[in-house]
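Reviewing the structure listed below.
The values are calculated or read from the model by the stated rules, or taken from the named source; none is laboratory data. In this text, all values refer to a predicted model and were calculated from it rather than measured experimentally. Here the Cβ positions follow ideal geometry from the backbone for every residue, glycine too, while neighbour counts run over all protein chains shown. Accessible surface is based on the protein model in full, side chains and every heavy atom, while ligands, DNA and RNA are left aside. Shrake-Rupley method; radii C 1.70, N 1.55, O 1.52, S 1.80 Å.
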Amino acid sequence: MASKQRVKVVWNQSGYLELMKSAEVQAELTRQAHAVRDQLGDGYEVENGAYVGLTRANVSIANTRVVAATKEANNDNYDNNTMLKALGGKA
């Protein structure tokens with residue numbers, strides 16, 4: 001029978017912050033933003049790239065974002081919550 005061993009996990013805050021701000025995380029966020037944009041179709045675009053905030057890399061309305069770039073796309077998003085649905089949200 002296997003003996004029960006206790007495992008002690010030590011949180012490494014500085015390592016976590018380094019990971020969350022890494023170029024790899026930024027690249028993944030940007031990749032996901034483009035994947036969402038591809039689901040939306042014409043009239044939507046991704047602006048800029050991911051950016052590093054205080055505690056992690058971000059893709060947000062403040063910088064990198066998928067936006068309705070045309071009036072038609074903006075109206076479609078307003079009427080149908082197209083961007084929310086592309087992210088898996090419920091309208």
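Checked against the criteria, Leu29 does not count as over 13 Å from the mean Cα position of the chain (by Cα) and open to solvent by 30 Å² or more (accessible area, probe 1.4 Å). Looking at (1) open to solvent by 40 Å² or more (accessible area, probe 1.4 Å); (2) modelled with pLDDT under 85; (3) over 19 Å from Asn81 (Cβ atoms), which one does Ala50 not meet, given that it meets all the others? Condition (1) is where Ala50 drops out. Among the residues examined, Lys8 qualifies as at pLDDT 90 or above and farther than 30 Å from Tyr78 by Cα. Take the residues of the range 70-91 that are at pLDDT 80 or above and among the small types (Gly, Ala, Ser): which is nearest to Leu40 (Cα to Cα)? Out of the qualifying residues, it is Ala86. Checked against the criterion of being modelled with pLDDT of 85 or more and either of a type in the set (S, T, N, Q) or touching a helix residue (DSSP H, G or I) at 6+ places or on another chain (Cβ under 9 Å) (or both), the range 57-69 has no qualifying residue.
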